[in-house]
Amino acid sequence: MQVNEAKLLKIIKLSAQIILENGGETYRAEETIKFIGKACDVKEIEAIATPTGIYITISVDGEENSTIVKRIRKRTINLQKLNDVNNVSRQISMDAISMDDALSELERIQAEKPVETKYDVFYGGISSAFFAVLFGGGLFEFITALLTGILVTIIARRFANLHSYQFFSSIVSGFVISAIAIATTSIARTGNYNHIIVGSIMPHLPGLAMTNAIRDTIRGDLISGMARGAEALLVAASLAAGAGVVIYTSYLFGIL
């Protein structure tokens, strides 16, 4: 295969960038880089991926080196994009796609916006409702957690559209969840606000981020593991802080 070094560098950079920006592990990004490089008969290829950046060096002929660095500024979860990148890398390895087409396809994947439906906010609500029941709640807690989950999902989406830090979104979400739970149980004189709070918070906890942090640490990617772990703990702490402010204030004024 005739290799255009500059174009190949763009392809592997974009592949790793999409993986890291959409919830993929750092080792997956590094393996994809090396997989594509090996398929293109690159003599030397080295890659270091962290949750906040990629460092790639390749040498097609084994003499001249080309290096690229890419900063990762946003991170979300979109498993469809990870699957699409894997498909492109497989096509490259089978020589079933040209370099130009591969680059165009990756640029399309990168620019593709997540498909949002009118049911998305309902999914957030129904997951909160069933978590509330799972933790011991009844019908009242189910309905309250359902409505709370829908509202908090809308709030989180608005923060995402404003490109705000997840820290602020989590604080506001925790605050709103606790405020609604305590207000409804106090006014209705029934139900358990603890079940509503825990059930509504559960869908917003960074479970995937913490799982990836543990996995990266076990594999020896200590920098990535610590960075992802710190991010997950910060999000969890901000949710707890938002909820804690309302609970403490309620105790202070004798509401609870």
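The values are calculated or read from the model by the stated rules, or taken from the named source; none is laboratory data. Predicted, not measured: the structure shown is a model, and the values here were computed from it. Heads up, the Cβs are rebuilt from the backbone with ideal geometry, glycines too, and the neighbour counts pull from every protein chain shown. Side chains included, ligands, DNA and RNA excluded: accessible areas come from the protein's heavy atoms. Shrake-Rupley method; radii C 1.70, N 1.55, O 1.52, S 1.80 Å.
Quick notes on this one:
- Odd one out for His195, checked against (1) touching a residue at least 60 places away in the same chain (Cβ under 8 Å); (2) surrounded by fewer than 16 Cβ atoms within 10 Å (Cβ to Cβ): (2)
- Residues of the stretch 17-56 that turn out to be under 15 Å from the mean Cα position of the chain (by Cα), aliphatic (A, V, I, L, M) and over 21 Å from Ile218 (Cβ atoms), as a count: 1
- Here Gln91 meets the list (1) without any contact (Cβ under 8 Å) to a residue 12 or more places away in the chain; (2) within 29 Å of Gly207 (Cα to Cα); (3) buried (at least 16 other Cβ atoms within 10 Å of the Cβ) almost entirely, failing just condition (2).
- Gly137 meets the conditions (1) more than 27 Å from the chain's Cα centre (by Cα); (2) at pLDDT below 90; (3) part of a helix (DSSP H, G or I); (4) surrounded by 13 or more Cβ atoms within 10 Å (Cβ to Cβ) in every case but one. The failed one is (3).
- Scan the stretch 94-118 for residues that are assigned to a loop (DSSP other than H, G, I, E, B), open to solvent by 100 Å² or more (accessible area, probe 1.4 Å) and at negative phi and the total you get is 5.
- Hits in the stretch 151-160 - residues which are open to solvent by less than 40 Å² (accessible area, probe 1.4 Å) and either touching a Ser or Thr at 6+ places or on another chain (Cβ under 7 Å) or within 14 Å of Phe130 (Cβ to Cβ) (or both): Val152, Ile155, Ala156
- Index of the failed condition, Glu64 passing every other in (1) touching a Phe, Trp or Tyr at 6+ places or on another chain (Cβ under 7 Å); (2) part of a loop (DSSP other than H, G, I, E, B): (1)
- As a summary of the residue check, Gly124 satisfies the conditions (1) in a helix (DSSP H, G or I); (2) open to solvent by 40 Å² or more (accessible area, probe 1.4 Å); (3) not hydroxyl-bearing (Ser, Thr, Tyr) except for the one numbered (2).
- Of Ile54, Ile58, Ile36, all but one fail to be hydrophobic (A, V, I, L, M, F, W, C) and either surrounded by fewer than 20 Cβ atoms within 10 Å (Cβ to Cβ) or under 30 Å from Gln166 (Cα atoms) (or both); the exception is Ile54.
- Verdict on Ser200 being touching a residue at least 40 places away in the same chain (Cβ under 8 Å), part of a helix (DSSP H, G or I), polar (S, T, N, Q) and surrounded by 20 or more Cβ atoms within 10 Å (Cβ to Cβ): yes
- Set side by side, the residues Ala156, Ala145, Ala132 differ, and just one is over 18 Å from Tyr119 (Cα atoms), touching a residue at least 12 places away in the same chain (Cβ under 8 Å) and out of contact with any Pro (no Cβ under 9 Å at 6 or more places or on another chain), which is Ala132.
- Scope the stretch 91-132; condition within 16 Å of Ile150 (Cα to Cα) and modelled with pLDDT of 90 or more; matching residues: Gly125, Ile126, Ser127, Ser128, Ala129, Phe130, Phe131, Ala132
- If the condition is being assigned to a strand (DSSP E or B) and either at positive phi or in contact (Cβ under 8 Å) with a residue 24 or more places away in the chain (or both), then the stretch 67-88 contributes Ile68, Lys70.
- When the stretch 224-255 is limited to residues that are outside any helix (DSSP H, G or I) and open to solvent by 60 Å² or more (accessible area, probe 1.4 Å), the one that is modelled with the lowest pLDDT turns out to be Ile255.
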